[in-house]
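The values are calculated or read from the model by the stated rules, or taken from the named source; none is laboratory data. Note that the coordinates shown come from a computational prediction; the quantities given were computed from them, not determined experimentally. As a convention, Cβ positions derive from the backbone with ideal geometry for all residues, glycine included, and neighbour counts pool all protein chains shown. Just the protein is used for accessible areas: all its heavy atoms, side chains included, with ligands, DNA and RNA removed. Shrake-Rupley method; radii C 1.70, N 1.55, O 1.52, S 1.80 Å.
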Amino acid sequence: MDEGKARPMGPKPQWWSRPRRTTLPDAASPAPEGEPGGAAPADATPPPSYDAQAGRAPAPLHAPDPYSTPPYGRPGPWAPAPPVQRPVTPAHGTHLPPAGLPPVPPGHGPQFTPPLPYGPPAPWQYDPWAVSPVSRPDAPAGPAAGRRRGRIVVGALIVALVAGGVGGAVGSYLERDGVVGHHVRLPQAPVDRSGRAPGSVAGIAARTLPGVVTIHVRGGSDQGTGTGFVLDKEGRILTNNHVVEPAGSGGDISVTFNGGQSAKATVVGRDSGYDLAVIKVSGVSGLTPLALGNSDSVRVGDSVVAIGAPYDLAGTVTTGIISAKERPITAGGQKQDGSDVSYVDALQTDAPINPGNSGGPLVDSEARVIGINSAIRSAGDGSDLGGGQGGSIGLGFAIPINQAKRVAEELINTGRATHPVIGVTLDMTYAGDGARVNSKGADGPAVTPGGPGDKAGIRDQDVIRKIDGAPVHSGQELIVKVRSHRPGDRLALTVEHDGKERTVELTLGSAGAR
């Protein structure tokens with residue numbers, strides 16, 4: 001063929017360059033005339049790229065080759081043979097580009113592969129270029145496909161929720177227990193929720209604490225904190241006189257129970273000579289009175305438990321033993337006339353007692369009250385004892401419950417307590433051993449006329465050495481010993497006068513508190 005001659009078919013097409021197409025032909029369109037699906041002559045002249053008037057696809061360049069011969073004829077002398085490529089059969093239902101579009105030169109724009117010039121293969125014939133319906137991108141979405149997409153979305157949501165939960169659990173674990181790989185867990189005993197033996201300190205405290213109260217007192221410029229314990233269901237509480245004394249006659253007394261409930265209290269009666277007072281709360285239910293023991297049964301070395309509010313630390317429990325009995329002590333003495341001096345034949349204990357413990361119970365191994373914690377001796381405070389000065393050095397003193405019980409009953413019944421007396425005036429400046437009766441000429445008579453001492457034959461300048469066989473070393477100790485008894489009790493006194501001793505008996509009289 002002469003390259004210079006014009007071709008009647010229009011511009012010469014180049015190999016693998018096809019007209020630009022925007023849509024693929026519809027598979028439902030009938031095959032062009034002259035193409036029933038059979039083989040075309042090998043020397044057939046290629047038809048135009050697209051017959052816009054007839055609406056037909058271009059004729060194939062060669063007949064179908066069952067041996068996969070490339071879909072092109074013999075190359076002409078004007079172009080080298082292209083590399084072997086396999087055509088892609090267009091998907092079913094593709095459309096050809098509209099008529100009139102010029103062919104696109106090679107390498108410009110998208111390339112188009114024409115459809116096969118024959119119909120679908122017979123059922124027995126294998127079509128290597130057929131497109132699987134499953135992979136068709138333009139397959140319509142039916143109900144089954146919608147259900148599949150729904151299941152995929154639900155599955156993805158479930159996976160996300162599970163992953164988030166697992167991630168949160170792992171993060172919480174790492175935040176609480178540390179970084180993985182560096183976690184340390186120390187051995188520990190399990191929680192022991194079993195009860196304690198009734199005689200153990202824990203068992204005693206469990207039974208006693210519900211009946212112990214903390215007392216706050218305000219009066220004028222004075223205020224203080226102490227302890228008390230419930231006597232009965234009516235709301236009566238026993239404590240020390242020096243605890244409630246700052247309230248005076250118009251102060252404020254507040255009681256806080258172990259469970260946290262608070263109530264106002266009023267004074268029933270108080271006595272400075274015994275350093276005891278009874279107060280009462282109203283409108284409070286569920287009170288737990290403490291059982292009273294017998295201080296005469298106490299032995300040195302017995303285990304005891306002290307409960308109180310030292311430095312306002314309510315419900316503090318300490319333990320120790322009875323260190324001594326009948327320890328004569330005096331406390332108070334701030335007034336010039338000595339009317340506020342307390343004389344106590346005390347129980348001594350090494351259970352720690354500190355300021356704020358005053359008025360609290362000292363209980364035995366059966367959780368029974370055997371004393372009222374009242375005074376301590378602190379390092380550097382000399383020989384004086386106080387109810388709330390300094391700190392504990394293991395020398396604490398409690399009023400025996402037998403004495404406290406009698407005084408409490410009198411305060412509840414009459415509002416006043418009585419003191420036993422022998423009817424003599426003592427010389428408190430005497431430095432010798434024993435308690436000496438005052439000389440004549442002192443203020444007031446040395447022996448009260450008609451009193452118990454006068455009836456027993458005691459005279460001025462007599463020195464009392466013993467009381468019921470127990471030695472007496474000072475006037476204060478004699479008072480303590482006498483006040484440990486009740487009015488009406490009989491006592492035997494050993495008296496010395498001018499180097500001669502004699503024993504006299506007397507019945508204790510009674511005197512009201514001043």
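Protection proxy ranking of 240-246, 190-196, 161-167, by the mean of other Cβ atoms within 10 Å over each peptide's residues and highest first, is 240-246, 161-167, 190-196. Averaged per residue, what accessible surface does region 226-272 expose to a 1.4 Å probe, in Å²? That works out to 40 Å² per residue.
Which entries in LYS325/LYS405; LYS264/LYS481; LYS233/LYS264; LYS233/LYS325; LYS325/LYS500 show an alpha-carbon gap greater than 25 Å? Checking Cα-Cα distances, LYS264/LYS481; LYS233/LYS325; LYS325/LYS500 exceed 25 Å. Note on HIS497 and SER221: the extension gain reaches 94.3 nm, defined as 0.36 nm multiplied by sequence separation minus the Cα-Cα distance. Against the empirical curve 2.2 N^0.38 Å, the C-alpha radius of gyration of region 231-362 lands at a ratio of 1.11. Taking amide H atoms as placed 1.01 Å from N in the peptide plane, the amide H of ASN357 lies under 5 Å from those of ALA309, TYR311, each 5 or more residues away in sequence or on another chain. With all protein chains in place and a 1.4 Å probe, the accessible surface of region 271-379 carries 44 percent carbon and sulfur. Solvent exposure of SER297, expressed as accessible area, is near 80 Å², computed with a probe of 1.4 Å over the protein chains only. Under 15 Å from a label point set 7 Å out along the Cα-to-Cβ vector of ASP252, the amide N atoms of region 203-230 belong to 215-225. Using θ = phi - 60° in the Karplus curve 6.51 cos²θ - 1.76 cosθ + 1.60, the 3J(HN,Hα) couplings for region 153-165 round to 5, 4, x, 5, 5, 4, 4, 5, 5, 4, 5, x, x Hz; x is entered for Gly and Pro.
Ranking TYR311, TYR343, TYR274, TYR430 by solvent-accessible area of protein heavy atoms (1.4 Å probe, all protein chains present), from largest to smallest, gives TYR311, TYR430, TYR343, TYR274.
Surface listing: LYS405, LYS233, LYS280, LYS455 arranged by accessible area from highest to lowest gives LYS455, LYS233, LYS405, LYS280, probe 1.4 Å.
The mean accessible area for residues of region 422-463, using a 1.4 Å probe and ignoring ligands and nucleic acids, is 52 Å² per residue.
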